[in-house]
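Here the structure is laid out as structure tokens; the discussion comes afterwards.
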Amino acid sequence: MADGARRKSWWLEGNFAPVEQEVEALDLPVEGALPPELSGVFMRTGPNPARAATAHWFLGDGMLHGLRLERGKARWYRNRYVDTKLRKENILPRDPAIFMDKLASTANTNIVRHAGRILALEEAHFPYEVTPELGTVGPIDFDGKLKTALTAHPKICPETGEMLAFGYGFVPPFLVYHRFDAAGRLVQSEEIPVGGPTMIHDFSATRTKVVFMDLPIVFDLEQAMTGGMPYRWSDDYPARLGVMPREGTAKDLQWFSIPSCYVFHPLNAYDEGETVVVDVARYEKMWVKGFDEPARLHRFRLDLPGGRARGETLFDEPIEFPRICDAYAGLKNRFGYAVTTHAGDDAGFKLGTRIVKFDLDRHAVTGAEFGRGRFPGEPVFAAAGYGEDDGFLLTFVFDAGRNASEFVALDAKNLSAGPVARVPLPQRVPFGFHGAWFAD
Ligand SMILES: [Fe+2]
């Protein structure tokens with residue numbers, strides 16, 4: 001990071017740069033045919049640091065981009081900041097005080113719907129509730145029961161409706177597990193002992209277990225005080241995965257040593273007899289220089305009776321933002337989707353021009369290629385039936401040649417056929433993080 005910080009701020013340039021305006025367009029023209037079975041809102045959040053330069057891509061004010069689909073029509077597009085305390089009180093995300101204030105979220109990382117509420121999330125703070133129209137309701141602390149920050153990557157069980165999550169921080173307790181019931185009530189919080197404060201972006205859940213990642217991106221006070229990313233790579237911190245029953249406590253934890261690596265995002269995890277299978281986008285290293293080594297889809301098999309972990313890289317494609325059909329979360333899945341990435345000669349994060357579909361049963365890859373200078377984001381699966389790939393992949397695509405963005409829908413059964421529908425947007429959509437499809 002110290003090295004990276006002296007270079008140009010790649011996250012403020014090109015399509016990482018913020019847009020200046022909140023705009024709205026009604027009844028947008030559609031090229032191709034929007035699937036008539038999709039009625040709802042496609043929403044995506046990401047950093048939009050228009051107030052001041054930020055010290056890292058991860059630290060800009062969260063902006064939502066939303067497209068409302070209704071029976072084959074694109075009813076509206078709009079982009080709106082999440083109206084956070086940071087914006088209301090003009091606190092800059094580089095102010096180190098934000099790390100001590102749970103309300104000081106950028107809300108820039110992910111959006112999920114649980115128990116009828118849409119949550120805009122960022123992992124160092126409380127969630128903000130937002131509306132399907134992209135309005136901001138406000139921060140939530142679950143009736144005062146949430147005592148830690150909340151991860152941006154909770155897991156919603158398709159069978160029980162529970163939301164499984166955690167919070168982490170750089171002061172003890174470093175990691176706390178949280179379980180929410182189907183009505184959105186926080187019903188369990190358990191401290192998870194770890195070796196020190198590390199950055200824990202995501203975790204995994206199966207039908208019966210949760211899996212924590214204790215990996216060597218460690219807290220760095222010096223970097224925190226300068227307002228930069230307060231975490232760095234460590235060659236010394238041992239990498240482990242921790243398995244715990246979903247309703248268990250710390251005494252039920254079983255830790256598995258794994259070779260050093262970093263993971264932002266798992267694809268999915270599931271039980272296979274006495275083994276827990278965890279598929280992730282795995283980096284050999286992270287932030288030694290920057291995003292210099294791309295991630296690849298990697299499978300950990302955690303043998304519970306033997307206490308041993310085995311790992312193998314499943315595919316060579318460099319990828320990020322892996323997603324599945326959410327109805328298969330925690331269950332055995334056959335398909336996974338991701339956007340391609342590539343290594344660069346500087347510290348920046350480099351999106352590729354392809355969305356890929358992994359067939360994990362047949363070890364096959366298919367994809368949609370968008371062409372030179374056209375960069376898709378995270379592919380969000382919108383179900384249109386009951387089969388695992390019976391639906392559409394939704395994303396925003398940036399076209400560098402035209403400095404413009406469009407919404408794209410792909411048939412998940414046939415990516416190589418290209419988009420079934422494209423909706424040109426009135427303003428470019430900066431590269432961001434995660435999205436969701438909220439069906440009516
Ligand atoms: Fe993420």
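Each reported figure results from applying straightforward, stated rules to the coordinates on display, with no laboratory input. This one's a predicted model, so the numbers in the text were calculated from it and none came from an experiment. Backbone-built Cβ (ideal geometry, glycine too); neighbour counts: all protein chains shown.
Observations
- For the chain, built as a Gaussian network whose Cα springs stay under 10 Å, the top-fluctuating residue of L394, L241, L221: L221
- Contact order relative to length of the chain, as percent, for alpha carbon pairs under 8 angstrom and 6 or more apart: 14
- Centre separation in Å (Cα based) which lies between region 58-137 and region 201-221: 23
- Phi angles across region 91-101 convert, under the Karplus curve 6.51 cos²θ - 1.76 cosθ + 1.60 with θ = phi - 60°, into 3J(HN,Hα) values of 8, 7, x, 8, 6, x, 4, 5, 6, 9, 10 Hz, Gly and Pro given as x.
- Highest average packing first - 117-130, 299-312, 282-295, Cβ atoms within 10 Å: 117-130, 282-295, 299-312
- The Cα center of region 387-440 and the Cα center of region 161-193 differ in position by 32 Å.
- Karplus-derived HN-Hα couplings along region 293-309 (A = 6.51, B = -1.76, C = 1.60, θ = phi - 60°), whole Hz, x at Gly and Pro: 10, x, 8, 10, 5, 9, 10, 9, 10, 9, 8, 5, x, x, x, 10, 10
- Given +1 at the Cβ of Lys and Arg, -1 at the Cβ of Asp and Glu and no other charges, the dipole of region 2-439 around its Cα centre is 380 debye to the nearest 20.
- Added length on full extension, which subtracts the Cα-Cα distance from 0.36 nm per residue, D316 to E129: 63.5 nm
- Within the straight-line cut-off of under 30 Å between alpha carbons, the lysines reachable from K145 are K85, K88, K102, K155, K209, K251, sequence neighbours fewer than 8 places apart in one chain being disregarded.
- In summary, the lysines within cross-link reach of K413, defined as a Cα separation below 21 angstrom excluding same-chain residues under 8 places away, comprise K332, K357.
- Contour minus Cα-Cα distance for L304 and D95 (0.36 nm per residue): 70.9 nm
- Volume of the convex hull of region 1-133 (Cα atoms only), normalised per residue: 131 Å³.
- Charge dipole (debye, nearest 20) of region 15-120; +1 at Cβ of Lys and Arg, -1 at Cβ of Asp and Glu: 280
- Values of log10 I(q)/I(0), in the order q = 0.13, 0.17 Å⁻¹, for region 71-194 under a Debye, Cα-only, solvent-free model: -0.54, -0.88
- Residues whose placed amide H lies under 5 Å from that of S204, excluding near-sequence neighbours: V211
- For region 250-371, the convex hull spanned by the alpha carbon atoms encloses 123 Å³ per residue.
- Out of every Cα-Cα pair that the chain contains, those further apart than 30 angstrom amount to 39 percent.
- Length added when fully stretched, M225-A50, from 0.36 nm per residue minus Cα-Cα: 60.8 nm
- Under-5 Å amide H pairs with H114, H placed in peptide plane, nonlocal only: L119
- Take each peptide in 361-372, 321-332, 80-91, count the other Cβ atoms within 10 Å of every residue, and average; sorted highest first, the result is 321-332, 80-91, 361-372.
- Helical contribution to [θ] at 222 nm, DSSP H n ≥ 4, -39,500 (n - 2.57), averaged over the chain, rounded to 500: -500 deg cm²/dmol
- Highest-fluctuation residue, N268, N108, N333 considered, GNM on the chain with Cα pairs under 10 Å: N333
- Among F42, F142, F349, residue whose mean-square fluctuation peaks in a GNM of the chain (springs only between Cα atoms under 10 Å): F142
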